[in-house]
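Read through the structure below, which is laid out as structure tokens, and then see the notes.
The values are calculated or read from the model by the stated rules, or taken from the named source; none is laboratory data. Computed from a predicted structure; not experimentally measured. Virtual Cβ from ideal backbone geometry, glycine too; neighbours counted across all protein chains shown.
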Amino acid sequence: MTHSARDVKATLATAQFLHKLSAEDLEKVAAIASTKSLEAGAVLYQEGEACRMLHVVSSGLVALDMCMPRQGCTRILTVGPGELLGWSALLSDGTMTVRATAVEETTLIALPAHKLRQLCDDDHDIGYAIMQQVAVSLSRRLLATRLQTLDMFGETQPVAAPVSPDNS
């Protein structure tokens, strides 16, 4: 499915990720963006893979799964329209920390990380707004991961205090 530049800009304008950008700044981001469609079940990236694109979900849902040896994979979060995927590509070497799989037919806005980083360097207002949203997204993912970890490794029943021989 091909989307026009106008469609890309309209999608970016409604994305929570870019809600603080002015119309002029949004135009700059839209100029480096393209679209990508995924069928249900398609894997966008695997944990440990390099990814050079930041994605904003336009429509559909994408599941984020963390896989652990002898534990299998656990869904830590599902992201939907307007939400960010692949922040690692923007902040580091682009090594993905989870597996991303389309839950249903999904359309993404793809932003090449190197071009977005350059835009952020060239225009600090854009950079500040984008990094604020990356921080929000990162915080949400850390909380989801923490909650999953507590759920997986937490006690199912409270542990009773040991009885000392003097109190028997």
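Annotations
- Whichever residue in the range 39-54 is within 13 Å of residue 109 (Cα to Cα) and in contact with a helix residue (DSSP H, G or I) (Cβ under 7 Å, 6 or more places away or on another chain) and, among such residues, is surrounded by the most Cβ atoms within 10 Å (Cβ to Cβ): 54
- Residue in the range 55-70 that is of a type outside the set (S, T, N, Q), in contact with a helix residue (DSSP H, G or I) (Cβ under 9 Å, 6 or more places away or on another chain) and in a loop (DSSP other than H, G, I, E, B) present: no
- Helices (runs of 4 or more DSSP H) within the range 72-168 that include 3 or more residues surrounded by fewer than 19 Cβ atoms within 10 Å (Cβ to Cβ) and modelled with pLDDT of 85 or more: 113-122, 124-153
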